[in-house]
Amino acid sequence: MSRDRIIAEAEGVVQDLAAAITAPRDRECLPCYLDRVLHEVSCDGTHALTRHYRDSTAPAATALLQRLSRAGGHCDCEVLFNVYWATSDHVRSCEGVRLGSTQPCDLWFRRRRRMW
Ligand SMILES: [Zn+2]
Ligand SMILES: [Zn+2]
């Protein structure tokens with residue numbers, strides 16, 4: 001096997017791993033998704049993960065990023081810091097939301113209801 005091919009295969013593995021981590025789980029809500037993935041990858045200062053979640057689960061929610069930004073979530077980590085608060089410090093897995101919904105599950109509440 002050539003060196004280039006080995007490198008290409010290694011990169012493929014890393015990409016598969018990244019795809020497995022950043023893929024939203026079945027009925028996982030947005031803040032649970034961000035909370036889980038941001039333990040594995042660091043925020044790059046954009047809504048890359050939120051956009052990925054939106055595209056994967058709720059492509060019709062075109063105003064989601066603007067709504068989150070207005071509520072103080074100007075990037076993926078700020079969405080967790082500024083928009084959604086956990087209802088408990090106890091780490092639990094997502095309780096699940098309706099497919100296509102961008103609402104949080106019962107583990108979270110939104111800080112500023114009027115923004116929504
Ligand atoms: Zn951030
Ligand atoms: Zn959840």
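Values in this text are rule-based calculations from the coordinates and carry no lab data. What you are looking at is a predicted structure, and each value in this text was computed from that prediction instead of being measured. We place every Cβ from the backbone using ideal geometry, glycine too, and count neighbours over all the protein chains shown.
The phi torsions of the stretch 47-57, fed into the Karplus equation with coefficients 6.51, -1.76 and 1.60 and a -60° offset, translate into couplings of 9, 4, 6, 4, 5, 4, 4, 4, 5, 7, 10 Hz, rounded to whole numbers, with Gly and Pro shown as x. Remark: the chain carries a charge dipole of roughly 740 debye about the Cα centre, counting +1 on each Lys and Arg Cβ and -1 on each Asp and Glu Cβ. Take the chain and mark each of the GluC sites (Glu not before Pro) that is in a DSSP loop with at most 16 other Cβ atoms within 10 Å; the longest unmarked stretch, sites excluded, is 41-94.
Is the C-alpha gyration tensor of the chain telling us rounded, prolate or oblate? Criteria: a/c under 1.5 is rounded; beyond that, a/b larger than b/c is prolate, otherwise oblate.
Values: a/c = 2.18, a/b = 1.98, b/c = 1.11.
Judged from the Cα gyration tensor, the chain comes out prolate (a/c at least 1.5, a/b above b/c).
Build a GNM of the chain with springs between Cα atoms under 10 Å apart, and of Gln103, Gln15, Gln66 the one that fluctuates most is Gln15. Across the stretch 63-73, coupling constants 3J(HN,Hα) worked out from phi with the 6.51/-1.76/1.60 Karplus curve, θ = phi - 60°, read 8, 4, 5, 5, 4, 5, 4, 4, 7, x, x Hz, and Gly and Pro carry x.
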